[in-house]
1. Please work out if ARG84 is touching a helix residue (DSSP H, G or I) at 6+ places or on another chain (Cβ under 7 Å) and either charged (D, E, K, R) or free of Cβ contacts under 8 Å to residues at least 12 places away in the same chain (or both).
2. Going by the structure shown, is ASP7 acidic (Asp, Glu) and at negative phi?
3. For region 188-229: of the residues being under 30 Å from PHE100 (Cβ atoms) and out of contact with any helix residue (DSSP H, G or I) (no Cβ under 9 Å at 6 or more places or on another chain), which is surrounded by the fewest Cβ atoms within 10 Å (Cβ to Cβ)?
4. Going through LEU218, LEU168 one at a time, which residue ends up being closer than 22 Å to ASP20 by Cα and either of a type in the set (A, V, I, L, M, F, W, C) or at pLDDT below 85 (or both)?
5. Take LEU191 and decide whether it is within 25 Å of LEU114 (Cα to Cα), in a helix (DSSP H, G or I) and touching a residue at least 12 places away in the same chain (Cβ under 8 Å).
6. Which of the residues spanning region 194-215 are in a helix (DSSP H, G or I) and hydrophobic (A, V, I, L, M, F, W, C)?
7. List the helices (runs of 4 or more DSSP H) inside region 16-97, counting only whole elements, that have at least 3 residues being closer than 20 Å to GLY169 by Cβ.
8. With a cut-off of at least 3 residues that are surrounded by 14 or more Cβ atoms within 10 Å (Cβ to Cβ), name the helices (runs of 4 or more DSSP H) lying wholly within region 106-187.
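The values are calculated or read from the model by the stated rules, or taken from the named source; none is laboratory data. Source: prediction; values computed, not measured. Please note: Cβ atoms are built from the backbone with ideal geometry, for glycine as well, and neighbour counts cover all protein chains shown.
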Amino acid sequence: MQAFFSDFASKFYAAFLFKDRWLQYIEGVGTTLLVTAASLAMGIALGALVAMIRVGHAQQRPGHHNPLLGLINAVCKVYVTVIRGTPMMVQLLIMSMVIFKSSRNFTMVGALTLGINSGAYVSEIIRGGLMAVDPGQMEAGRSLGLNYITTMMEIVVPQAIKSVLPALGNEFIILLKDTSLITVIGGKELLYAAQGIMNRTYEAMFPLLGTAAIYLVLVMLFSALLGKFERRLRQSDRG
């Protein structure tokens, strides 16, 4: 038993304390959060744009179809279909080895890929929320003389965002965990730091368990913050 605890302590020390290796995990967490934030911002912006285009195309008045909008809508549908129909890993490899094969900034290439991937899923989430709003809300805004964009931003979107917030929160959590995939193309995030320590200590258990624990804490923290935000929204509705 004493030999077991001695071996346990030795491996723990080598994985986290020797030469301040815990700082490498902290640095990896910082990069992970940065990549997540950049990808999330890109995904929301791209997803909202695609959703607005697709909803706008679907809500055109009979006999008043805009051919340019129809073309852009078709491009958006292809984008969503391709991104949702292909594995994230394949997308990362294509971006790093084909499209940006001359780039050495693998972390930013990974963030870009994650943002493009997230945009496809976010667009469907937002589109579902917008389509769930009573069409009469749009008609009421247009009858007051508001244009389509103003009506959408001032009346429809505020109502839709409350219904899609839980789904967007889940997408954020998935995105946070998916940052670990960019290690495959050389992105220097949390799992990359753990793998570097594994290669030096020849011991996988503690670096991997430590990485899993850090991801778990981050997910629990963001889930709690999201739950608190949702409760405030419900309180403001009742108020």
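1. When the stated conditions are applied, ARG84 passes them.
2. yes
3. ASN199
4. None of the other options fit; the residue is LEU218.
5. yes
6. Our first condition is that a residue be in a helix (DSSP H, G or I); within region 194-215, this holds for 194-201, 205-215.
Across region 194-215, the qualifying residues are ALA194, ILE197, MET198, MET205, PHE206, LEU208, LEU209, ALA212, ALA213, ILE214.
7. Per the criteria, 22-58.
8. Here the list reads 106-132, 135-143, 157-178.
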